[in-house]
Amino acid sequence: MELLGLSLSLLALFVSFGFMVGVLFGFFGMGGSFLITPTLLILDYPASVAIGSGLAFYFGTSVIAVIKHYDVGEVDYRLGAVLFVVLSIGIELGSRLVFALEALGVAELVTGLAYIFLLAGIGLLFLRRAYNLEDDDDDGEDVDDDNIPPIGQKIQSYTVPPMISLTSGGRASLWTISGAGGGVGIVSGLIGVGGGFIRMPAIHYLIGTPLTAAVGTSLFAGLFSGAYGTFTYGMSGSVDLAVVSMLLVGSALGAKIGSAATTVVEENDVIVYFGLMMLFASAGIALSELSEWIGMEGLELVSVLLLVGSSFVVALLILSEVVRTVDVDDSHAQTTSDGGD
């Protein structure tokens, strides 16, 4: 039995996977296409379809996130507008590169290798950040989560005109913004992600904005670049609407739960969860590529478990934190009530 051209098992997989990615999206403020695209590749979807569908999913989920961050004033609109322009140019170049690689028959290989190194690198960056924060806590130092990283402060110290004033304070060179945004755009078009997992660190570390502003501005810029990327791939018939629809059905509920969880989970835990998830996802894709090279089908199953399982485990950890906090609050309320009798 099939629905929308998908078997019941695939329907269940995409809806449940969409739910878990939605939890992660609401929690981390990132669209989750960095998990969707490699999963579709592992399920033997063509590279262009996996990439186009990943971008379409990102666009759908990012609309909710932008509204949320707009309400709390965490969006630098001027910076986001400039990033949108350079991201769009980069995505166009990246998408053209994908179709050229497909003509050569190496698109899946290049995309897989790019994922392996990018996810591992970003994962290690986040874990290092968590380690440094832990050291600061142990030393009794005050830690400001919105602090601009030293590398961002150093880059901002080079005043190469034209300069743009940032809403969060400070100024950044248009050349820095263009270089960071254009590079992220090319990668987004090449590997089929909204780019949140590399765009947000680029805004935070290279352009030099506080973390909360980096997340909100990243989502704002990604909303438009995601729409442009979806249009680019959609025009060539490389967006599977059935898959995207099922993923969005699941993510709609998951995103609300993930957003609520941000108020009960420690910042350091957020960084650790995300870093570990990236490393497991990188390992999963690496095993998938290895299985194709040596022809060992068992590794393909392990790769799926690592890639999909890592997101499920992290999402469950987030959900467990929410449940634990609710139970503690209920117990405290009950104790207070009993004490007042």
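Where a number appears in this text, it was derived from the coordinates with a stated rule and is not lab data. Source: prediction; values computed, not measured. Every residue, glycine as well, gets a Cβ built from its backbone with ideal geometry; the counts of neighbours run over all protein chains shown.
Report the FRET efficiency, 1/(1 + (r/R0)^6), for Leu43 and Glu102, where r is their Cβ-Cβ distance and R0 is 22 Å, rounded to 0.05.
Plugging the Cβ-Cβ distance into 1/(1 + (r/R0)^6) gives 0.80.
Which three numbers, in whole Å and largest first, are the semi-axes of the equivalent ellipsoid of segment 2-329 derived from its Cα gyration tensor as √(5λ)?
Numbers: eigenvalues 175, 118, 71 Å².
They are 30, 24, 19 Å, listed from largest to smallest.
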Cα shape, segment 235-314, gyration tensor, a/c 1.5 rule: oblate
Cα→Cβ-extended label distance, 7 Å offset, between Lys154 and Asn132, nm: 1.0 nm
